[in-house]
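Reviewing the structure listed below.
The values are calculated or read from the model by the stated rules, or taken from the named source; none is laboratory data. Note that the structure is predicted; figures quoted are calculated from it, not measured. Glycine also receives a Cβ, built like all others from the backbone with ideal geometry; neighbour counts cover every protein chain displayed. Side chains are part of the model used for accessible areas, which takes the heavy atoms of the whole protein and leaves out ligands, DNA and RNA. Shrake-Rupley method; radii C 1.70, N 1.55, O 1.52, S 1.80 Å.
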Amino acid sequence: MFQALARASVVLGPQVVGGVRAMASHQLLVAPPKALLKPLSIPNRLLLGPGPSNLAPRILAAGGLQMIGHMHKEMFQIMDEIKQGIQYVFQTENPLTLAISGSGHCALEAAVFNILEPGDSFLVGVNGVWGQRAADIGERIGARVHPMIKDPGGHYTLQDVEEGLAQHKPVLLFLTQGESSSGVLQPLDGYGALCHRYKCLLLVDSVASLGGTPIYMDQQGIDVLYSGSQKVLNSPPGTSLISFSDKAKNKIYGRKTKPVSFYLDLKWLANIWGCDDQPRIYHHTTPVIGLYSLRESLALIAEQGLENSWRRHREATEYLHERLRGLGLQLFVKDPAIRLPTVTTVTAPAGYNWRDIVNYVMDHFDIEITGGLGPSVGKVLRIGLLGCNATRENVDRVIYALQEALQHCPRNKL
């Protein structure tokens, strides 16, 4: 059919419609970019930063499948399977569970935009860049934001949180389970129940932790949980996962004002994702190919089993820590109980420019590691073992690259 259409267009050529030639009325001023006339070339790199991670082969193959319509019944079936996968990895039975057409930042905005209204009190754990971003988003919509600031490497105790709840009487508390900028794993047991005693909802960021460490949304009393596709799930960036408890849903559906974003309005999203038992109505064109990949990433973790995934990440990261100590490097997070098992932070080696080390590892070994982010810039190197990248073989590769970098990068001995 496409060949027939192409032949027809050649035969017909420019046509005259109503006495006017069906051609552009102006000359082109911009020529075809020369760069786009050459084949696309992508380097083969091992991504051992905090994300994105390399794509698993099955997920890579899903990205090459043919497009179908975003409102086709087959697409709705894929979306339903994605919802079930999210419920599994989140360990929740929440009906209001779906994927967002956007990265983890988009999911954070979806949570804040729909839960908070202007003037609402918002308590934010700021122990890294993600708390900073949550506070920024809250301020933009007119919430009364109360940051609880900790230095990078710190976490929040139940006492810390209760003091904030008692003082500020917030509608919503934000905590990051996996603070990838500092390498901290935030404990969650008891925090949901504590929030509920103060009539506060609990919002948790699990972008860098989901699939790599235990989380139990329902049993831990988490009201809004979100994550991203590009970390442990080994899927392309651009989709994110989110779920809302009944308490959170009631707050959303009882709003006095519309959310500031139409694109992220949960009532619309709940409908197109089949969460409201109503016929699905067009809201936006979902990223069909990205959802194929997300479906396959959730299928892989379901086949592997959550507990097996948690164990594999823990064992690979323990091996990484052992090898790092062998190089004489120090782990940034001192308490082993709160070290994130997906993203390890290493204290930047004294005398070196951290950028030299990162660039050397990339330039000589095609391995990505990164420096700090936000408040941890200049303080740490970050190494991610995410999903299919969490192997002893990859640990050995990055340790050898680091060893070479420490030998060859300039060092200030003063």
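If you check R133, R140, which single one turns out to be more than 30 Å from Y292 (Cα to Cα) and of a type outside the set (A, V, I, L, M, F, W, C)?
Working: R133 fails: more than 30 Å from Y292 (Cα to Cα).
The unique qualifying residue is R140.
Would you check which residues across segment 124-176 are polar (S, T, N, Q) and either out of contact with any helix residue (DSSP H, G or I) (no Cβ under 8 Å at 6 or more places or on another chain) or crowded, with 21+ Cβ neighbours inside 10 Å (or both) and list them? So that I can check it myself, show each step before the final result.
Taking segment 124-176 and keeping what is polar (S, T, N, Q), we get 127, 132, 157, 159, 167, 176.
Across segment 124-176, the qualifying residues are N127, T157, Q159, Q167, T176.
Only residues in segment 34-52 that are part of a loop (DSSP other than H, G, I, E, B) count as the first member; pair them with residues that are open to solvent by 50 Å² or more (accessible area, probe 1.4 Å), Cβ under 7 angstrom, at least 6 apart or cross-chain, and list the lot.
From residues that are part of a loop (DSSP other than H, G, I, E, B), the pairs are P43/D366; N44/D366; R45/D366; P52/P237.
What residue, of K258, K247, is touching a residue at least 12 places away in the same chain (Cβ under 8 Å) and either more than 22 Å from S103 (Cβ to Cβ) or of a type outside the set (G, A, S) (or both)?
Values: K258 fails: touching a residue at least 12 places away in the same chain (Cβ under 8 Å).
Criteria check complete, one pass: K247.
Run down R355, R411 and say which single residue is assigned to a helix (DSSP H, G or I) and either surrounded by fewer than 22 Cβ atoms within 10 Å (Cβ to Cβ) or β-branched (V, I, T) (or both).
Numbers: R411 fails: assigned to a helix (DSSP H, G or I).
Result: R355 is the single residue among R355, R411 that is assigned to a helix (DSSP H, G or I) and either surrounded by fewer than 22 Cβ atoms within 10 Å (Cβ to Cβ) or β-branched (V, I, T) (or both).
Check segment 272-282 and report whether any residue there is more than 30 Å from L406 (Cβ to Cβ), assigned by the TED database to the domain that holds S181, in contact with a Gly (Cβ under 7 Å, 6 or more places away or on another chain) and in contact (Cβ under 8 Å) with a residue 60 or more places away in the chain. Give the steps one after another, and end with the answer.
Quick first cut of segment 272-282, residues more than 30 Å from L406 (Cβ to Cβ) only: 272-282.
Subsequent filtering for residues that are assigned by the TED database to the domain that holds S181 retains 272-282.
From the residues that got through so far, the ones that are in contact with a Gly (Cβ under 7 Å, 6 or more places away or on another chain) too are 280.
Narrowing further to those that are in contact (Cβ under 8 Å) with a residue 60 or more places away in the chain: 280.
Within segment 272-282, one or more residues are more than 30 Å from L406 (Cβ to Cβ), assigned by the TED database to the domain that holds S181, in contact with a Gly (Cβ under 7 Å, 6 or more places away or on another chain) and in contact (Cβ under 8 Å) with a residue 60 or more places away in the chain.
Just to check your reading of the model, which residue among I338, I289 is touching a residue at least 40 places away in the same chain (Cβ under 8 Å) and in contact with a strand residue (DSSP E or B) (Cβ under 8 Å, 6 or more places away or on another chain)? Give the steps one after another, and end with the answer.
Values: I289 fails: in contact with a strand residue (DSSP E or B) (Cβ under 8 Å, 6 or more places away or on another chain).
Within the list I338, I289, the selection yields I338.
Every residue in segment 53-83 that is closer than 30 Å to S182 by Cβ and touching a Gly at 6+ places or on another chain (Cβ under 9 Å), please.
Keep residues of segment 53-83 that are closer than 30 Å to S182 by Cβ, which gives 53-56, 59.
Passing the criteria: S53, N54, L55, A56.
Taking the stated definitions as given, is V232 at pLDDT 95 or above, in the same structural domain as G183 (by the TED database) and closer than 24 Å to D265 by Cα? Write out each step before concluding.
On the way: at pLDDT 95 or above: yes; in the same structural domain as G183 (by the TED database): yes; closer than 24 Å to D265 by Cα: no.
It is false that V232 is at pLDDT 95 or above, in the same structural domain as G183 (by the TED database) and closer than 24 Å to D265 by Cα.
Scan (1) modelled with pLDDT under 95; (2) touching a Phe, Trp or Tyr at 6+ places or on another chain (Cβ under 8 Å) for the single condition P375 breaks and write down its number.
(2)
Regarding segment 73-82, can at least one residue be identified that is surrounded by fewer than 21 Cβ atoms within 10 Å (Cβ to Cβ), assigned to a loop (DSSP other than H, G, I, E, B), in the same structural domain as Y253 (by the TED database) and touching a Phe, Trp or Tyr at 6+ places or on another chain (Cβ under 8 Å)?
The answer is no, given that none of the residues of segment 73-82 is surrounded by fewer than 21 Cβ atoms within 10 Å (Cβ to Cβ), assigned to a loop (DSSP other than H, G, I, E, B), in the same structural domain as Y253 (by the TED database) and touching a Phe, Trp or Tyr at 6+ places or on another chain (Cβ under 8 Å).
Scan segment 112-123 residue by residue and report those that are within 17 Å of G164 (Cα to Cα) and open to solvent by less than 20 Å² (accessible area, probe 1.4 Å).
Scanning segment 112-123 gives S121, F122, L123.
Report the residue count in segment 143-183 for those that are on the phi < 0 side of the Ramachandran plot and outside any strand (DSSP E or B).
Step one: of segment 143-183, the residues on the phi < 0 side of the Ramachandran plot are 143-152, 154-168, 170-182.
With the extra rule that they be outside any strand (DSSP E or B), the set shrinks to 143, 150-152, 154-168, 170-171, 177, 180-182.
Residues meeting the conditions: 25.
Yes or no, residue by residue, for (1) open to solvent by 20 Å² or more (accessible area, probe 1.4 Å); (2) out of contact with any helix residue (DSSP H, G or I) (no Cβ under 6 Å at 6 or more places or on another chain); (3) under 29 Å from A390 (Cβ atoms):
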| residue | (1), (2), (3) |
| --- | --- |
| D223 | no, no, no |
| S227 | no, yes, yes |
| G238 | yes, no, yes |
| F244 | no, yes, no |
| A248 | no, yes, no |
| K267 | yes, yes, no |
